[in-house]
Every structure is written in structure tokens, then in C-alpha cells.
Amino acid sequence: MNSYEWIMYAGIAVWAGLGLYIFTLARRQSALSRRIAQMTRLADEEAAER
Amino acid sequence: MLLRARDLAHFYGPRLIFKDICLDLPPGALTVLAGANGAGKSTLLKILAGLIRPSTGSVETGENSRGQKPRIGYLGHQTFIYPELTALENLRFWTSLHGHAVTGSDYAAILERVELAPFAEEKARGFSRGMAQRLNLARVFLLEADILLLDEPGTGLDLRSSAVLLREILAARDKGAGIIWITHNLEEDLRHADSVAFLEGKRLAFYGPAKAFRLSERASVPRPEPFETREARGGEPC
Amino acid sequence: MLSAALTIARKDLTLTLGRGSGLVQALLLGLLLVFVFSLSLQPGQRMTPQAAAAVFWMASAFCQVLIFSTLYAHEEVNGQRQGLVLAPAPVQSIWLGKALAGIGMLAAAQALFIPAVIVFLGQNVSALWPLGLGILAIADIGIVAAGSLLGALSQGQSAKESLLSIVLFPLLIPLFLGGIRIGTAVFSGALAEGAQSWFGIALAFDAIFVAAALALFPAVYNAEE
Amino acid sequence: MRNFLEKAPCAAPWLALAGGLALAACQWLIFVYAPVESTMGPPQKIFYLHLPLAWWGLISFFVVFLSGIAYIYSRKPVWDALSGAAAEVGLVLAVLAVLTGSIWARHSWGLWWTWDARLTTALVMCFVYAGYLIVRGLDMQPGRKALVCAVVGIVAFLDVPLVFLSARLWSYIHPPSISLEPEMKLTVAACTGAFALLWAGLTLFRFKLALDAQRLDQSAMERLMRRG
């Protein structure tokens, strides 16, 4: 293992880790926006009824 | 005034239980708290006892006759009994926890009154539901509390013990205690009440002197259910 | 405050010694741990002093998790927690009461672990044993202060005992390191430099966690389901 | 203070953009500008990633500590959302710090794990805050869970200095203190600054998610109150 491989593995570890985390955040964001859309649709229906 | 509650409202998670509750507890008065099952009587009582923080509103305790902070005696659905301790050890623990000096004869007297004298040295794990409830009563009345909050104290008691309960409650009131009593037998206990608080539609539908309370108008008066069904449902009715 | 705490501690000890299941279970777990570790030795071989001290403290830690979950479980049987919270004494007296009962039980268990470690792991006690007792006392105070606070956290239907161990163990590492290093000195007779700073760290731990417990306990232990 | 806090998340995208650019600049600094360290050679450059990660992980846990105290004091759910967000980001950074630290340890001392005080503290913090996030995952009454999390967050942070002190006393291996030439110092400062932007962007974005989730639960409760 020459010295530059060490840095490469360290770099991969860091950026893969951060990337994975950001990906989970994005997934949670889309789940939330679906929930918001559903809630606003409910509110609009209610407004229409009144 | 022993206890003052101002515009209480409470949620259980997303569910609203009641709102705009105002209530005063003067010394030497018996207030019966009634309402349909699930109206939130027990929750209101716990809030008054200080066990639960209300979502909004406030509960202030005033002073007792000796000018100190009033001692609160709370009797809930659960019996506060340690099964591995004997009846006497249970009573001794709770009175010393409250720092209430009690002599040996007081223990004997209260156990006699709730007819548990022969079981004083027995471990509470073998007690029946009625005996456990009577030990719980002994605990509350032994404290000689200034504020008594009783949540369906009559559950599991036979006729004779119910008479004992009534006598103890009236005796405590005459000694100047402020009592709130949730009863599951409204017709019967209305006669003894000074004032009535009726919880209906998530609000205090009626709060005033017992004389003015017309039982007939109340649609949702709970019929006293046979004892087994509540037990089958497993305790906490509301 | 203290009288209420003593009342609670006395009640808990009578409860535990009465039925005995609480303490005996914790004791057996600790002894089992010590015995199992002795399997890692070749017959006739002695374990290094540091490993033996580590096994002793691990046994104490597992034993202490059991002690505090049983101590707080006593209050969940018939809703006694509400009764305790309603008592006029400040809520911290419950933390102190449970801590006193806990340290009593832990000391009793450790009094058995020490001979077990000596017998099963082939250790002998050098002239430094007073140091060992010193760190034992200080570390137990810290363990019990944190254990009593976190034991209260782990009550309530959904929080399991696991919460108590996964959060508590890492927190106790400073005490364990101190206990193991001084324990090694006791078993080996050779005192490593910097012993008094271990006592310093352990005392700092006690001070911090007693203060944190007194400040945070009321927020943690109340009757709201 | 609180309404500033609720408006802060909209800065997240700008911070993320600035963070990305800054980090790109840092790569150039690390590999071209900073000289190769004489004794350990190129792998020493992992240090430029390891230090900011550990540093910002620790600051996240400090944020969890402060917002825990704020929650216990004010019982406002916004503080609970902030501590949840900071704990999660802090844990990710701390885990990466331990990873890079052990890779560096593997190179310079030949073994994956050493009882180096900083590494041990980071690892213990990972365990404690993983426990914290598990507590956050339990299904308790929202009010009670926030309280329990606040307490665990406070107690955990109080323990960090003790863990560090005891780990340093415990380990005989004192890492060779490498003398930093001025260019290296500049690179470290730049990397830490760049990571600051990344950390702030991530935390604020996660904070926004937590706030949105809270607002959704709140509006569901209000709808029930109106119709209930």
C-alpha cells in the first residue's frame, strides 16, 4: 500500500459517508413533502366543503 | 381556598380531552365530580393533584388551616401497594414518606376501621381486589390530608365497606378537608355532596351547589356498570 | 429530603432482601461473568492483574444495570411512582433514596466479586489494597449517581432496560479506566505513576454527575405516562 | 432568538453551495499547496480531513448540550428539533473522524486502534450519541421523549472532558506532535472553515426537516381540536 492509497481510502470513506447521509436526508425530505401535499389537499377539501 | 384551578385544557397526544375548566376547592366541602366514562374525570383529578401538567391553564394550592402548604391525599385507580410488603409496612412507608407522625395505635385503629386488622402482618401480594382497595383507603385517610382527591374509591368494595368509605369521607369533611370525589354511583352519592362538577362535551357542563343540580336533565349520566365489566376492560376507564 | 430518601432506601432494601430476586439475580450475573472469563485461561495459568481488574469492573457494571432496573421497577407495579411524586419531599429525594439502596446492593455484590476474582482468576492482593477500597468507594458513588438518574429514564412502557445500558456504559468509562488502573496496582503491587490523578478524575466525575442528577431528576421522574 | 432560529434554515442551500466551493478550493490547498510532511509522508494529509471532522462533531454535540438545556428551561419543541438535528449530524461527523483517525493510526503506528486520547474520546462519543439517537427513536409521548433526550444530551456532553482526560492518562502512546509549517496551518484553517459551511448547511437542513415534521404533527393536532 503506497502512501497515496491511504489518502484515497480515507477520502473515499469521508465523501461516501457524507454522500450517504445527504442521500438519506433527501429521501426524508421527499417523504415530508408528500405528507405536506396530502395535508394541504385535506385542508383545501375542507375549505371547499365550508 | 385550598385549591384554585383556572382555565385548564388538556390534550392526550392529538386528542383534546377538555378545555376552559375553572374550579375552586374550599375547606370542609365535598365536591362530587361526575361525567360519562371517558369524559376525562381521572385526568382532571390527576391535574388537580399535580401529577400531570395541564396543556394550558394553572392549578394553585392555597394554605390549610395551619397556614402551611396543604397536604394532598390522592387515591387513584391504582392501589400504590407493594405486594412484597405487609399491610403494616405499606402504611408505615407511606406515612413516614409524608413525614406524618403516626403512633402504633393509629395504625391499629385505621386497620380496624377498614376491617384489615387480622391481615396487618400479611404480605399484600395475597390480598383480593377489595382488600387492596381498603388498604389504599387506609393509606389515604391515615395521612389526614387537607385536600382529598378520590377517584372512584368505591370500586371493588362490598356494601359494608362502602358504608365505611362514606363514613370516612364525611368525617374527613367535618374535620375541614376539601374533597373531590369521582363517583360511579351518582344517584346514591349526590345526597352527601355540597357541590357538583359535571364534565360533559369536553367542558364543565355544570359546576355549582348540589341542590341546583337536576340529575334527570343530564343525558349522559353513566349507569353504574356491573363491577366485572370494568375490571374486564382492565382498569383506566377514561 | 434525607429522611424521605432514607425511607425510600429502607423500603427498597426490605423489598429486595424480602423477595431476594433482585439482588440474587444481579449477583449471579456478575459471578457468572467472572467464572466465564476464567475459561479464557489455560489450566493453572494466572490472568494478568489488569484483565482481572477489568473483569471485576465489568461484572459490577452489568450487576448495577440490573440493580437499578429492578429498583425502579418496584414503583411501576401498582402506580407507586405517582405516590412518590406526590410526597411533600423534593423529587430528588427519590433519586437519592434509589441511589442509597443501589450502592448498598452494589457494595454487597462487589464484596462477593472480589473473592470470586481472586479465586477464579488467580489473583493475590498486594499491600496496596487500601487504594483499591478508596477507588471502589469513589467509583461506586459515581456509578450509582449516574445509574439512579438513568434508571429513572428507562422506566415507562416503551423505554426498555437496554436504554439504561447502551447510554450508561459509555458514560461510565472514566470511572472504569480509573478503577481498572488502580485495581491493577492492587493486584500487581506495582503502582503506576499518576495514581492520584485517577482519584481526581473519579472525584470530578462524582461531583459532575451528582450535580447533574440533582438538576435533571425532576424533569425526568414525574407521573405523566 | 427563537424566530431567528426558525428562519435560519432557509440559509441552508446557500451555505451548502458556499461549502461545496470552499471544499473544492481546499482540495487544491491540501494536495498542491501544503508541503509533504517530512516524517510521515503524504498520508499525513488525512489530517486535514480528520481534524475538521472531529472538531465540528464536537461542536455539534455542544449544540445538542445547549439546546437540551434550552428545552428543559423553555419546553419549546423548536429546541428539541435543533438538538435532534445537531446530534445526527454530529454522529455522522464523529464516525467519519474515528474512521479517518484509525486509517491514519494504521499507517503511522501499524495498528487499527490505539488508545490515543482523542480517538478514544471520539469513539466513546459515537457510542453515547448513538444511544441518544436510539432514545430519540423510541415511541414515547412527544413531551416525555424530548425531556429524556434533553437530559441524555446534557449528561453525555458533561462526560466528554472526563473521557478525554482519563483516556489520555490511560494511554502511554503520546502521538508525535508534528510541527506545522505556516502553509500547513493555513491549509488546516481553510479546511476547518470550509467544513464549517458544510456543517452549518447540513445541520440547518436537518433542522428544517425536524421543524417541518413538528409543524405537520401540530397542524394534525389543531385539526382534531377543531373537529373534536
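The values are calculated or read from the model by the stated rules, or taken from the named source; none is laboratory data. The structure presented is a predicted model; accordingly, all values stated were derived computationally and were not measured. Here the Cβ positions follow ideal geometry from the backbone for every residue, glycine too, while neighbour counts run over all protein chains shown. Note: areas computed on protein heavy atoms with side chains; ligands, DNA, RNA excluded. Shrake-Rupley method; radii C 1.70, N 1.55, O 1.52, S 1.80 Å.
Multiplying the sequence separation of D:Gln141 and D:Val32 by 0.36 nm and subtracting their Cα-Cα distance, what value in nm do you get? Don't jump to the answer; show the numbers that get you there.
Working: separation 109, 0.36 × 109 = 39.24 nm, distance 5.39 nm.
Gain on stretching D:Gln141 to D:Val32: 33.9 nm.
Can you give me the span-like helices of chain D, meaning DSSP H runs with 18 Å or more of Cα extent along the axis and Kyte-Doolittle mean at or above 0.5? Before the final figure, lay out each step's value.
Details: long enough: D:12-28 (24 Å, 1.22); D:47-74 (40 Å, 1.50); D:77-109 (46 Å, 1.02); D:117-137 (30 Å, 1.30); D:142-170 (41 Å, 1.44); D:182-227 (67 Å, 0.26).
What comes out of the filter, once short or polar helices are dropped, is D:12-28, D:47-74, D:77-109, D:117-137, D:142-170.
Averaged over peptide C:71-83, how many Cβ atoms belonging to another chain are found within 10 Å of each residue's Cβ? Walk me through the numbers on the way to the answer.
On the way: counts 0, 0, 0, 4, 2, 1, 8, 12, 8, 8, 3, 8, 13.
Other-chain Cβ atoms within 10 Å of each residue's Cβ, averaged: 5.
Which whole-number percent gives the relative contact order of chain C, counting Cα pairs below 8 Å spaced six or more residues apart?
Working: 283 pairs, mean separation 64.7, N = 225.
It comes to 29 percent, rounded to a whole number.
Report, in cubic angstrom per residue, the convex hull volume of the C-alpha atoms of the stretch C:2-222. Don't skip to the end; give the middle numbers.
On the way: hull volume 25.6 nm³, N = 221.
Looking at the stretch C:2-222, the number lands at 116 Å³ per residue.
For peptide B:74-80, the mean count of partner chain Cβ atoms within 10 Å of a residue's Cβ comes to 5.
When both the stretch D:2-77 and the stretch D:106-138 are represented by their alpha-carbon centers, they are found 18 Å apart.
At q = 0.07, 0.11 Å⁻¹, work out log10 I(q)/I(0) for the protein assembly as shown with the Debye formula, treating every Cα as an identical point scatterer and leaving solvent out; two decimals please. Ignoring solvent entirely, the Cα scatterers give -0.63, -1.22. Measuring how big the stretch C:1-81 is from its alpha-carbon positions, Rg and Dmax come out at 16.9, 53 Å. A Cα-only calculation for chain A places Rg and Dmax at 21.7, 73 Å.
Taking the Cα centre of chain C as the origin, how large is its charge dipole in debye, to the nearest 20, when only Lys and Arg (+1) and Asp and Glu (-1) carry charge on their Cβ atoms?
On the way: 8 positive and 9 negative charges, 68 e Å.
My answer is approximately 320 debye.
As an exercise, use a Förster radius of 41 Å and the Cβ-Cβ distance of C:Leu41 and C:Leu203 to find the FRET efficiency, rounded to the nearest 0.05.
Numbers: r = 34 Å, r/R0 = 0.84.
The calculated FRET efficiency here is 0.75.
So what is the diffusion coefficient of chain D in µm² per second by Stokes-Einstein at 4 °C and 1.567 mPa s, using a Kirkwood Rh over Cα pairs?
Values: Rh = 19.2 Å.
Estimated diffusion coefficient is 68 µm²/s.
I need the fraction of alpha carbon pairs in the stretch C:102-211 separated by more than 21 Å, rounded to a whole percent. Everything past 21 Å amounts to 41 percent. By DSSP, the beta bridges lying fully in the protein assembly as shown are antiparallel in about 50 percent of cases.
With R₀ set to 51 Å, the beta-carbon distance separating B:Thr56 from C:Asn124 gives a calculated FRET efficiency near 0.15.
Largest accessible area first, the listed residues C:Asp206, B:Asp174 line up as B:Asp174, C:Asp206 when surface is computed with a 1.4 Å probe on the assembled protein chains.
Only Cα sites of the stretch B:1-137 enter the Debye sum here, all with the same form factor; the resulting log10 I(q)/I(0) across q = 0.10, 0.21, 0.22 1/Å is -0.45, -1.21, -1.25, listed in q order. Taking 32 Å as the limit for the C-alpha separation, the pairs B:Lys46/B:Lys211; B:Lys175/C:Lys98; B:Lys41/D:Lys76; B:Lys46/C:Lys98 exceed it in the case of B:Lys175/C:Lys98. When the surface is traced with a 1.4 Å probe over the full set of protein chains, D:Cys10 keeps roughly 90 Å² accessible.
Ordered from largest to smallest accessible area (heavy atoms of protein chains, 1.4 Å probe), the residues B:Lys46, D:Lys185 come out as D:Lys185, B:Lys46.
Could you order B:Lys211, D:Lys45, D:Lys7 so the one with the most accessible surface comes first? Probe is 1.4 Å.
Details: B:Lys211 165, D:Lys45 5, D:Lys7 135 Å².
Largest accessible area first, the list is B:Lys211, D:Lys7, D:Lys45.
Ordering C:Thr184, C:Ile8, C:Asn222 by the projection of their Cα atoms onto the charge dipole of the stretch C:2-222, which places +1 on the Cβ of Lys and Arg and -1 on the Cβ of Asp and Glu, puts C:Ile8 at the extreme positive end. With all pairs of different C-alpha atoms in the average, the Kirkwood value for the hydrodynamic radius of the stretch D:125-174 is 12.2 Å. A crude spin-label estimate for the pair A:Ile12 and D:Trp115, with each label 7 Å from Cα along the Cβ direction, gives 3.3 nm. Inverting the pair-averaged 1/r between distinct Cα atoms of chain B gives 18.4 Å as its Kirkwood hydrodynamic radius. If you look at the Cα atoms of the stretch B:89-223, you get an Rg and a Dmax of 16.7, 49 Å.
How much length, in nm to one decimal, is gained on full extension between B:Ala212 and B:Arg167, taken as 0.36 nm per residue of separation minus their Cα-Cα distance? Write out the running numbers ahead of the final one.
Details: separation 45, 0.36 × 45 = 16.20 nm, distance 2.42 nm.
Residue separation times 0.36 nm, minus the Cα-Cα distance, leaves 13.8 nm.
Accessible surface for B:Arg160 stands near 150 Å², nearest 10, in the context of the full protein assembly shown (1.4 Å probe).
B:Thr183 contributes an accessible area of around 10 Å² to the protein surface, as traced by a 1.4 Å probe with all chains present. Among D:Ile72, D:Tyr129, D:His107, whose Cα lies farthest out toward the positive end of the dipole of chain D, if unit charges sit on the beta carbon of Lys, Arg (+1) and Asp, Glu (-1)? About the Cα centre, the residue reaching furthest to the positive side is D:Ile72.
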